[in-house]
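Single-structure report; data block below.
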Amino acid sequence: MVPRIMFGNGCFDQLPTILNKKRAVGAPFVYLVDDVFKGNDTFINRIKLKGNDVIKYISADYEPKTSQVDVIVTELKEEFQLLPSGIIGIGGGTLLDLAKAVSILLKNPGKAKDYQGWDLVKSPAIYHVGIPTISGTGAEVSRTTVLTGPEKKLGINSDYTPFDQVILDPDLTKTVPKDQWFYTGMDCYIHCIESLNGTYLNAFSQSYGEKAYDLCKEIFLGNLKDEESRAKLMMASWHGGMSIAYSQVGVAHAMSYGMSYVLGTKHGIGNCIVFDKLEDYYPKGVALFKEMKAKHNITLPQGLCKDLTEQQLQTMVDVSLGLTPLWENALGKNWQEVMNEATLKTLFLKM
């Protein structure tokens, strides 16, 4: 679990005080920042760089890749004589996952793709801090960093992945566009549905999942004021991520990983596109999702998979079916009796 958490409007301004306690002489802090903030001097000046600290602006237009992690790690080792004092990720799930992965690879040999899987990381990561500027992914609390590699899309799942410190400032999510707010918020909602309906469910994950589910209903079907909605979605994301940390996701995530690997579909909207067609697996959850979609006038892209080549469709299926724990959670130990290549291809062609 994340050992240190700060929450509250404006608490981002306490970041310099937090980091000063962790600063080593001559060792910089490296900030991986969503490039949407590039040129936003009002925001960037709040970071208060010191010494040889550096900001690397990174586009969140593409899902994070293992090759991208390797490039950043190589650059940092060439640029600085000492390992950084810490890595700070500022942005959505893409930036948070990159920060987690870079902090791991700075202390573990080899390439990022070598650690895609469960409990493959042997050495603790360097100090790393997560600061979400959009809510829903749960990346700020999870023990995974999801990366697209040369052969698969899969997380680095380990006890060394979670952040050492997270700063939850609802004010940082004020400028999120409405469609992105919905897609990423639905990632949290789908976490809840997959966790609460999964075979891995236990009292720990259930307690977090139920709270996140209730918050999502309040946020997306209620009439909250903006400030209250931002704060509650930030906590829904946290609780949804905690629920998954002690159970697992399911059909929607398995399929959206396959779709993303082939088409590059971003995680939030990819989950929505898939979940919209999963009435047979999550009937009540999908019905409520459609209600939320209608309330906020969200129109999802259609026909993404209709023009795929047979090879592309097969790759999508292979990547999805390779995520055994997700299918096991969704459909049980004998999931292969329920889900096969033909069934999955038919499902994908609906999207």
* To do: Go through the residues of the stretch 121-141 one by one and say whether even a single one is more than 20 Å from Gly241 (Cα to Cα), touching a residue at least 40 places away in the same chain (Cβ under 8 Å) and not hydroxyl-bearing (Ser, Thr, Tyr).
  => yes
* Count of residues meeting criterion [among the aromatic types (Phe, Trp, Tyr), closer than 22 Å to Thr199 by Cα and in contact (Cβ under 8 Å) with a residue 40 or more places away in the chain] in the stretch 306-351 -> 1
* Here is a list of conditions, (1) touching a Leu at 6+ places or on another chain (Cβ under 7 Å); (2) touching a residue at least 40 places away in the same chain (Cβ under 8 Å); (3) part of a helix (DSSP H, G or I), and Trp181 meets all of them except one; can you say which number that is? -> (1)
* Considering only the stretch 1-118, give the helices (runs of 4 or more DSSP H) lying wholly within it that have at least 1 residues that are modelled with pLDDT of 95 or more and over 24 Å from Leu172 (Cα atoms). => 66-79, 93-105
* **Candidates Gly155, Gly130, filtered to the one that is within 15 Å of the chain's Cα centre (by Cα) and crowded, with 24+ Cβ neighbours inside 10 Å** => Gly130
* To do: Starting from the stretch 274-290, keep only residues that are over 14 Å from Ser256 (Cβ atoms), then list their pairs with residues that are in a loop (DSSP other than H, G, I, E, B) and among the charged types (D, E, K, R) whose Cβ atoms are within a distance under 6 Å, requiring at least 6 positions of separation or different chains.
  => Val286/Glu279
* **Near pairs, Cβ below 8 angstrom, 6+ apart or cross-chain, from the stretch 231-253 (over 18 Å from Gly268 (Cβ atoms)) to any residue that is of a type in the set (D, E, K, R) and open to solvent by less than 10 Å² (accessible area, probe 1.4 Å)** => Gln248/Glu194
* To do: Mind listing just one residue for me: the one in the stretch 87-113 that is surrounded by fewer than 24 Cβ atoms within 10 Å (Cβ to Cβ) and touching a helix residue (DSSP H, G or I) at 6+ places or on another chain (Cβ under 9 Å) and, of those, nearest to His128 (Cα to Cα)?
  => Leu106
* Quick one: in the stretch 121-134, of everything that is in contact with an Asp or Glu (Cβ under 7 Å, 6 or more places away or on another chain) and part of a loop (DSSP other than H, G, I, E, B), which residue is nearest to Phe37 (Cα to Cα)? => Thr133
* Report, by residue number, each residue of the stretch 273-286 that is under 18 Å from Ser195 (Cβ atoms) and either in contact with an Asp or Glu (Cβ under 8 Å, 6 or more places away or on another chain) or surrounded by fewer than 19 Cβ atoms within 10 Å (Cβ to Cβ) (or both). => Tyr282, Pro283, Lys284, Val286
* Does Asp171 count as of a type in the set (Asp, Glu), at negative phi and surrounded by 21 or more Cβ atoms within 10 Å (Cβ to Cβ)? -> no
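The values are calculated or read from the model by the stated rules, or taken from the named source; none is laboratory data. Since this is a predicted model, take the numbers as computed values, not measurements. A quick note on method: Cβ atoms are made from the backbone with ideal geometry, for glycine too, and the neighbour counts reach across all protein chains shown. Ligands, DNA and RNA are stripped out before the accessible areas are found, and what is left, the full protein with its side chains, is counted by its heavy atoms. Shrake-Rupley method; radii C 1.70, N 1.55, O 1.52, S 1.80 Å.
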